[in-house]
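Q: Here's a structure for you.
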Amino acid sequence: MDRTAQLIARPAEFAVVYDPAAPPGPPHLRAVHDGAVKVLEANWTGTSTVPSRRLYPHQWSWDSAFIAIGLRHVSPLRAQTELETLLAAQWGDGRIPHIVFNPSVPLDAYFPSPDFWRSSTAGRAAGAPRTVQTSGIVQPPVHALAAWLVHRADPGLSRARGFLARVYPRLAAWHRYLLHRRDLGGGGLVCVVHPWEQGMDNAPSWDAPLARVVPAPSRSFRRADLDHGAAEDRPTDLDYGRYVRLAADYRDAGYADGGGGFAVEDPSFNALLIASEHALARIAKELGATATARHVRAQRLTAALVERLWDPAEGMFFCRDVHGGAVGGPAHRRGSSALARGGGGQVHERGVSGLVPLLVPELPREVAAAVVRTLKGPHFGVGTTTRLVPSYDLLGEAFDPHRYWRGPAWFNTAWLLERGLRLHGHRADADALREAVLETALTSDFAEYVDPYTGEACGATGFGWTAALTLDLLHQHTTTDKGGDRG
């Protein structure tokens, strides 16, 4: 019996929910299943899963959330452990750090390393843990959604272990931190204070806000990522210098929010918070608490998302730079009223982040329909010219099919949009995207990201969330589809 099978404790009554054996179907789907499980096993450290053994050798926040969603199909216990390990590194102010460092990994294996972040000293006022080293920034809040789906995979095991009862207070504190400390634009939405927080690190949407940042000198840091990836596929040295400067300034300010020059309301980050707020409401109800306030909060966030970031003329959402004016694009040229609502201005770069709000359950019907048209139109080409969803506008000046988040397709955004398409009734489109993910994941050796036209592997292979989310889509036919609450 292999290690994955040993970790499975499956009551017979939950056999319909997941099946650790290869699901029935054509041989190529069995190969997808077996390959995905092997990746997750290879990346498992004993308490968590690394995204990539060589390129990303620590635990990443939203990676672990996505990984838990896939792991629930082969070991609900391990999926619960994945989230519990991450949450054990939560700061006193509620933030969940974007990296939890493995002390056995050499410092020069990844930059910025623990000695750059200095979490236990620089983050002392914010309640950074003393027994584990972390970064000081955050990543998108997928965690409550992941916790709910993990619970659904084996409710008996979850209840027996008190899983939801233990993670709920931490998840509630995490949302409280974002809602109370990160509304830097004053319009009810959460801001990111560094491009790394949003997860789509090198997206063109960050170019204008980053232009105000004086880069750190190149001699002050060494890029470990270039040891494992081609320079032409990674962020430029200039952009990386700006990333380092932003992170160092935030650290030197004791990780206090509100004082920096970079603050952006991002559609994807806020959409994931809305989805997780709905999930947190379900968790509260499962624990016997009232969920009304959380549903109301999710509705309020949805209204703010549409009010501040939606552009009906463009049929998608855009980032808002709360410290700057409107930047680029036809809406800026025509002086769109959308740019005058609240502080700052929209950044008119068409990125996949502007499509991700499709997963919001209560998105107005006309908004959801327009997002689907944009997804399938010439700027993203899904279902016509591209295999998976490109991370950036195919017609944009900055488009590059291989450069990090400036064109390549990623499997986590495909998974999110598949959920959104299915949620809003576009089942044929969702089915087609699901099939494209399953095929491309296998042929790319579960790559970190791929060329959106050809499916050619880019970045690392054997990537954690690619394997996990592929596994989740593969097992979709064994789960119960209840709209946004699909388990």
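Q: With an 8 Å cut-off on Cα pairs and a minimum separation of 6 or more residues, tell me the relative contact order of the chain in percent.
A: With pairs under 8 Å counted, the relative contact order is 17 percent.
Q: What helices does the chain hold that run 20 Å or longer along their axis, going by alpha-carbon atoms, with a Kyte-Doolittle average of 0.5 or more, using DSSP H for the helix calls?
A: Helix filter hits for the chain: none.
Q: In Å and on Cα atoms, what radius of gyration and Dmax does the stretch 256-299 show?
A: Final numbers for Rg and Dmax: 13.9, 43 Å.
Q: Sorting 434, 297, 30, 365 by accessible area (1.4 Å probe), largest first, what list results?
A: If we order 434, 297, 30, 365 from most to least accessible, we get 365, 30, 297, 434.
Q: For semi-axes √(5λ) of the Cα gyration tensor in Å, pick the label among [x] 30, 26, 24; [y] 36, 26, 20; [z] 38, 29, 25 that corresponds to the value derived from the coordinates.
A: Among [x] 30, 26, 24; [y] 36, 26, 20; [z] 38, 29, 25, the one derived from this structure is [x].
Q: Return the distance in nm (one decimal) between the two label points of a simple spin-label model at residue 454 and residue 124, each offset 7 Å from Cα along Cα→Cβ.
A: 5.4 nm
Q: Under a 1.4 Å probe, what is the accessible area of the chain per residue, stated in Å²?
A: I get 35 Å² per residue for the chain.
Q: While we're looking at this one, here's another question. What percentage of the solvent-accessible surface of the chain, computed with a 1.4 Å probe over protein heavy atoms, is contributed by carbon and sulfur atoms?
A: 53 percent
Q: Output the peptides 301-310, 274-283, 453-462 sorted from most to least packed, where packing is the average of other Cβ atoms within 10 Å over each peptide's residues.
A: 274-283, 301-310, 453-462
Q: Among rounded, prolate and oblate, which fits the stretch 128-218 when a ≥ b ≥ c are the square roots of the eigenvalues of its C-alpha gyration tensor, a/c under 1.5 means rounded, and a/b larger than b/c means prolate?
A: Prolate, since a/c reaches 1.5 and a/b exceeds b/c.
Q: Okay, next question. Please report the antiparallel percentage of the DSSP beta bridges confined to the chain, to the nearest 5.
A: 90 percent
Q: A follow-up question, please. Under Stokes-Einstein, with the Kirkwood radius over Cα pairs standing in for Rh, what whole-number D in µm²/s applies to the stretch 354-470 at 10 °C and 1.306 mPa s?
A: 114 µm²/s
Q: Now for a different question. If you bin the C-alpha pair distances of the stretch 107-155 every 10 Å from 0, what whole percents do you get?
A: Answer for the stretch 107-155: a P(r) of 23, 31, 28, 18, 0 percent.
Q: How big is the Cα convex hull of the stretch 44-171 in projection, averaged over all directions, in nm²?
A: Directional mean of the projected Cα hull area for the stretch 44-171 stands at 7.3 nm².
Q: Quick one: what are the phi-derived ³J(HN,Hα) couplings along the stretch 383-394, Karplus 6.51/-1.76/1.60 with θ = phi - 60°, whole Hz, x for glycine and proline?
A: x, 10, 9, 10, 6, 10, 6, x, 7, 8, 3, 4
The values are calculated or read from the model by the stated rules, or taken from the named source; none is laboratory data. Quick caveat: nothing in here was measured; it's all calculated off a predicted structure. Heads up, the Cβs are rebuilt from the backbone with ideal geometry, glycines too, and the neighbour counts pull from every protein chain shown. For the accessible areas, the whole protein counts, side chains as well, though only heavy atoms, and no ligand, DNA or RNA atoms are used. Shrake-Rupley method; radii C 1.70, N 1.55, O 1.52, S 1.80 Å.
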